[in-house]
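Asks: Just dropping this structure here.
The values are calculated or read from the model by the stated rules, or taken from the named source; none is laboratory data. Everything quoted here is computed from the prediction, not taken from an experiment. Note that each Cβ is placed from the backbone with ideal geometry, even for glycine, and that neighbours are counted across all protein chains shown. For accessibility, only protein heavy atoms count, side chains too; no ligands or nucleic acids. Shrake-Rupley method; radii C 1.70, N 1.55, O 1.52, S 1.80 Å.
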Amino acid sequence: MRRREFISKSVKASLIAGAGFSVASYSSLFPSSLLYPSNDYNLAAIKGGEPDTMFDEAIKAFGGMSKFVKKGQTVVVKPNIGWDVEPERAGNTNPLLINRIIKHCFDAGAKDVYVFDHTCDNWNKCYANSGIERAVKDAKGKIVSGASESYYQEVTIRQGKKLKKTKVHELILESDVFINVPILKHHSSADVTIGMKNLMGNVWDRGYWHSNNLHQCISDFASFRTPDLTVVDAYYVMKKNGPRGVSKDDVLTMKSQIISTDIVAADAAAAKLFGVDPEKIDYIRIANEMKLGSMNLDKLSIYRKIM
């Protein structure tokens, strides 16, 4: 019965965030240490610090984690833990960032903070060797498996054009707050992995997506439950041979982070950071056309900080 309540709740909560903003180029994300005289930001772009300290700075720009997490709420944090590689290979989200996000959630009064991913490599090895399992436990969060179909519940994607139904991990359905924490990297099929692509780890059957217009399916699923916050880890960025990578030679240390309540905006800004026009990434363009958010960065209110 509880799962049914979760599903009902999630359907009601599957609202689409839509906000307008703008960044004209990669360089405009980090033009200087000069800050906008506003605290009503659509996006924060931080550069030059460590993953945890950059998050401290970014979440402060949004008014702190208490803007998103209320006392007694449950939170699900969804990193990319898809690959059995160490953090410096940039296949997974940086563990320092996950640790710090969890701490902020508890400081805001969260009752529980859960972390999971439906991994591609062996999930035990991914969780351990990514450093994320230890980072979660050190922050008193709960690391949960995504490796059994029994954890997933079938839902309807009401706005879906290719993806009409799919099985979603129950943590996404039941938690009060959803924080999406992708790593920015190259992807051989999707061109680049960012926020919307990271949501593939929320579902059981990813194979359907790959064989039925991957970009449309990515955009369709973004309409189901929009994250309350998307935090793009661009500390280590895999520039080629993604999504798993071959060696550290694939990785560029960019020491950057992008945060937004608009997942399309976050992906558009991160694409520019990667060096790609967002309009050239089909799922970003499609999501923008579906009005799931905005890739038009021209009117964006950005908090910019070089640490």
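Asks: For Trp123, Trp209, Trp83, write out the residues from largest to smallest accessible area, computed with a 1.4 angstrom probe and no ligands counted. Walk me through the numbers on the way to the answer.
Replies: Values: Trp123 80, Trp209 0, Trp83 40 Å².
Ranked from most to least accessible, the order is Trp123, Trp83, Trp209.
Asks: With the calculation restricted to Cα positions, what are the radius of gyration and Dmax of segment 35-102 in angstrom?
Replies: Rg and Dmax of segment 35-102, Cα atoms, are 14.0, 43 Å.
Asks: What percent does the relative contact order of the chain come to when contacts are Cα pairs within less than 8 Å and at least six residues apart? Before the final figure, lay out each step's value.
Replies: Values: 763 pairs, mean separation 91.3, N = 307.
Computed value for the chain: 30 percent relative contact order.
Asks: Taking the Cα-to-Cβ direction at Lys299 and at Lys140 and moving 7 Å from each Cα, how far apart do the two end points lie in nm?
Replies: 4.3 nm
Asks: Can you find, among Ala266, Ser256, Ser294, the residue sitting farthest towards the positive end of the charge dipole of segment 254-299, where Lys and Arg contribute +1 and Asp and Glu -1 at Cβ?
Replies: Ser256
Asks: What does the helix-only formula give at 222 nm for the chain: each DSSP H stretch with n ≥ 4 adding -39500 (n - 2.57), the total divided by the residues, and the result rounded to the nearest 500 deg cm²/dmol?
Replies: Result for the chain, helices only: -8500 deg cm²/dmol.
Asks: Oh, and also: Please work out the FRET efficiency for the pair Lys291 and Lys111, using the Cβ-Cβ distance as r and a Förster radius of 51 Å; give the result to the nearest 0.05.
Replies: The formula returns an efficiency of 0.95 here.
Asks: Next question, about the same structure. Sticking with the crude label model, points 7 Å out along Cα→Cβ, report the distance from Ser211 to Asp282 in nm, one decimal please.
Replies: Going by the 7 Å Cα→Cβ label model, 1.7 nm.
Asks: What does the charge count around Lys70 come to, taking other residues whose C-beta lies under 14 Å from its C-beta (Lys +1, Arg +1, Asp -1, Glu -1)? Intermediate results must be reported in sequence, preceding the final value.
Replies: Values: positive: Lys67, Lys71, Lys111; negative: Asp107, Asp112, Asp176, Asp228.
Local charge sum for Lys70: -1.
Asks: Give me the mean projected area, in nm² to one decimal, of the convex hull enclosing the Cα positions of segment 132-177.
Replies: If you wrap the Cα atoms of segment 132-177 in a convex hull and average its projections, you get 4.5 nm².
Asks: Just how large is the dipole of the chain about the Cα centre, in debye to the nearest 20, putting +1 at every Lys and Arg Cβ and -1 at every Asp and Glu Cβ?
Replies: Once rounded to the nearest 20, the dipole reads 540 debye.
Asks: Separate question: Scan around Ile157 for amide H atoms under 5 Å from its own, H built in the peptide plane at 1.01 Å from N, and keep only partners 5 or more places away or cross-chain.
Replies: Amide H neighbours of Ile157: Lys165, Thr166.
Asks: Take each of the peptides 197-206, 239-248, average the number of other beta-carbon atoms within 10 Å over its residues, and list them starting from the highest.
Replies: 197-206, 239-248
Asks: OK, next. Is segment 190-284 best put as rounded, prolate or oblate by its Cα gyration tensor, with a ≥ b ≥ c the root eigenvalues, rounded for a/c under 1.5, and otherwise prolate when a/b is larger than b/c, oblate when not?
Replies: Oblate shape, in that a/c is at least 1.5 and b/c is the bigger or equal ratio.
Asks: Can you give me the C-alpha center-to-center distance between segment 100-119 and segment 138-190, rounded to a whole angstrom?
Replies: 15 Å
Asks: Right, next: Please report the spacing between the Cα centers of segment 205-246 and segment 253-272 in Å, no decimals.
Replies: About 13 Å separates the Cα centre of segment 205-246 from the one of segment 253-272.
Asks: If you take the square roots of the eigenvalues of the alpha-carbon gyration tensor of segment 213-253 and sort them as a ≥ b ≥ c, do you get rounded (a/c under 1.5), prolate (a/b over b/c) or oblate? All intermediate terms of the calculation are to be shown ahead of the outcome.
Replies: Details: a/c = 4.77, a/b = 1.74, b/c = 2.74.
Since a/c reaches 1.5 but b/c is at least a/b, the shape of segment 213-253 is classed as oblate.
Asks: Determine the order of Glu86, Glu289 by accessible area, beginning with the largest, at a probe radius of 1.4 Å.
Replies: The most accessible residue leads, giving Glu289, Glu86.
Asks: Explain nothing, just the number: dipole magnitude of segment 239-307 about its Cα centre with +1 on each Lys and Arg Cβ and -1 on each Asp and Glu Cβ, in debye rounded to the nearest 20.
Replies: Using Cβ point charges on Lys, Arg, Asp and Glu, segment 239-307 gives about 320 debye.
Asks: Suppose we keep just the DSSP beta bridges with both residues in segment 44-191; what percent of those would be antiparallel, to 5?
Replies: Working: 6 of 17 bridges.
Here the antiparallel bridges make up roughly 35 percent for segment 44-191.
Asks: Still on this structure: Multiply the residue gap between Ser150 and Lys248 by 0.36 nm, knock off their C-alpha separation, and tell me the result in nm, one decimal place.
Replies: Contour length minus the Cα-Cα distance gives 31.7 nm.
Asks: Another question, if that's okay. Which whole-number percent gives the relative contact order of segment 82-137, counting Cα pairs below 8 Å spaced six or more residues apart?
Replies: Answer for segment 82-137 is 55 percent.
Asks: Could you tell me which label, among (1) 20; (2) 11; (3) 40, carries the value of percent of Cα pairs over 34 Å apart calculated for this structure?
Replies: Of the listed options (1) 20; (2) 11; (3) 40, (2) comes from this structure.
Asks: What percent antiparallel are the DSSP beta bridges of the chain, to the nearest 5?
Replies: 50 percent
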